[in-house]
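Structure, as structure tokens:
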Amino acid sequence: MILFRGNCQMQFCAEAAASAGCDVSFASLASPLTLTASPGFVPPLVASLISGAKVGEYLHSRELVDQFVPPAPDPKAQALVINLFHENRPLFLHKTDGYAFYLDPNAYAGKPALGRAMDRHFQAIVPKPAGYLDRYAAMLLLLRERLPGLPILVAGRMSHYPGLGPAPHSYLDGWGELCFTAGREFAAWVETVPGVFFLDADRIMAGVAARSGAPVEALFPFLRVSASPADGRPAISRDLEHAGGLWPALAATIAATLASGRVTYAPQESVPESWQQPFAPERLSDDALIEHLISGSNYRAARAVGHFLLCPQESATELLLAAAPHMPVCHNLLHMVRAYGARRPDPALAAWCEAHSRRAAAFTNNGEVYRREYLEKIEALRHLMLAPKSV
């Protein structure tokens, strides 16, 4: 069995490995700090607060046992694979015992007793981005101690090359500054921590790009849009975290590494020169756009909506309305449609909201909280589209 630990990107990789025939297990992690500051067990106070208030869903799959307890030695385990996962914020630090854990603060809504107890025992903290690699290294040492002899594979994350624009974005705060100098840290982990291997996501994804011939927009179709950019933040940035082609390729590299005992890359797995150059958006015809929108794929639909956002002079409302019955339920995709609507308010888009609400109401795969929040966002967009325009 291969143990996968990290965020949803590691879950995608675990699913790809399972599809390739591997025996896998996956658990979400919130921050290296929850493990390194842990007493070694789930504190009874935390467990009782979460269960008593019935707010376990607000852990968002970061189960308490995984936050506080490292994986136990298991004779069936072949390896532990852990990615450079981003840290959930805020964390809650116990005021006297010094341990920390993650809980979505929205758990307090309608739960005043929980809020009072949290205020009494904990303070909210946000770990400083500059210390992330140090916290991660401490976690690696802890895992090495608890799992002697088990190979530990660290999966990297995409670097912010200009050609992966506009404005490459990662959910790990500070990664844009760290990514091009972190290689020394990764090399030190491999050199000093026995049985640790580092898997270079840039090189693996470069191989995906070379084999597929796909443009950046197809490899990383999701865009993040800021309604009111401030503090130097870009209005539109490209999400490098959701790269569908990366996960099966990474799973294959994991299998090859475990089979050979070393990490190797194919000749085409080298960062292409185009990633080093300024980003230039693709241009797609209306026929190609509608094909992407009605494909049922959230990646293909996002590629089309991204085209609309990067070509603001062109109206896409008619195409969106035609595709509405077929567009998948996906928070990242909905964020992009909302951004398009905010930039081009049109009462006609209310019809898109109504059609998409019907699809979302029937979507239960990700739980009730996901479904409720999703429907609320669609309704907010519908109200925005129908709101009287200011003169």
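Some notes on this structure:
- Accessible area in square angstrom per residue, the range 282-386, 1.4 angstrom probe: 47
- Gyration tensor over alpha-carbon atoms, the range 45-132, equivalent ellipsoid semi-axes in Å: 26, 17, 12
- On the range 1-43, 55 percent of the accessible area sits on carbon and sulfur atoms, based on a 1.4 Å probe.
- Taking a Cβ cut-off of under 14 Å around residue 353, the surrounding Lys, Arg, Asp and Glu residues balance to a net charge of +1, with basic ones at +1 and acidic ones at -1.
- List 57, 379, ordered by accessible area with a 1.4 Å probe, largest first: 57, 379
- Potential extension, residue 287-residue 314 segment - 0.36 nm per residue separation minus Cα distance: 8.3 nm
- Estimated from helices alone, the mean residue ellipticity of the chain at 222 nm is -13500 deg cm²/dmol (sum of -39500 (n - 2.57) over DSSP H runs with n ≥ 4, per residue).
- A Cβ-based charge dipole, computed about the Cα centre of the chain with Lys and Arg at +1 and Asp and Glu at -1, lands at about 680 debye.
- Share, in percent, of DSSP beta bridges within the chain that are antiparallel, nearest 5: 35
- Computed over the range 282-386: relative contact order in percent, which uses C-alpha pairs under 8 Å that are six or more apart: 26
- 17 Å cut-off, amide nitrogen to a point 7 angstrom out along residue 146 Cα→Cβ, residues in the range 91-115: 99-102
- Accessible area of the range 282-386 belonging to carbon and sulfur atoms, whole % at 1.4 Å probe: 51
- Farthest positive-ward along the chain dipole, Cα basis, beta-carbon charges - from 363, 41, 381: 41
- Inverse of mean 1/r across different Cα pairs in the range 282-386, Kirkwood, Å: 13.6
- Amide H to amide H, with H built 1.01 Å from N, residue 222 comes under 5 Å of 239, counting only residues 5 or more places away or on other chains.
- Taking 75, 129, 325 as the candidate residues, the one with maximal mean-square fluctuation in a Gaussian network model of the chain, Cα springs under 10 Å, is 75.
- Derived scalar couplings between HN and Hα for the range 326-343 equal 10, 6, x, 7, 7, 4, 5, 5, 4, 4, 5, 5, 4, 5, 4, x, 5, 7 Hz in order, rounded to whole Hz, by the Karplus curve 6.51 cos²θ - 1.76 cosθ + 1.60 (θ = phi - 60°), x for Gly and Pro.
- Value of relative contact order over the chain, rounded to a whole percent, pairs C-alpha under 8 Å and six or more apart: 13
- Note that the range 42-193 presents 45 Å² accessible area per residue, ligands and nucleic acids not counted, probe 1.4 Å.
- Gaussian network model of the chain, Cα within-10 Å springs - most flexible of 31, 297, 212: 212
- Reported to the nearest whole Å, the Cα centre-to-centre distance from the range 264-278 to the range 1-45 is 29.
- The local environment of residue 8, defined by Cβ-Cβ distances under 13 Å, has a net charge of 0 under the rule Lys, Arg +1 and Asp, Glu -1.
- Radius, Kirkwood style, for the range 95-157 when every pair of distinct Cα atoms is counted (Å): 14.9
- Measuring with a 1.4 angstrom probe and ignoring ligands and nucleic acids, residue 1 comes out at about 50 Å² accessible.
- Checking the cross-link pairs 54/76; 54/377; 95/377; 76/128 against a 29 Å limit on the alpha carbon distance flags 54/76; 95/377; 76/128 as lying beyond it.
- Relative counts (whole %) of C-alpha pair distances in the chain, using bins that are 10 Å wide: 4, 20, 29, 27, 15, 4, 0, 0
- Positive-pole candidate from 65, 77, 126, dipole of the range 1-149, charges at beta carbon: 126
The values are calculated or read from the model by the stated rules, or taken from the named source; none is laboratory data. Predicted model, so just to flag it, every value in this text is computed and none were measured. Backbone-built Cβ (ideal geometry, glycine too); neighbour counts: all protein chains shown. Side chains included, ligands, DNA and RNA excluded: accessible areas come from the protein's heavy atoms. Shrake-Rupley method; radii C 1.70, N 1.55, O 1.52, S 1.80 Å.
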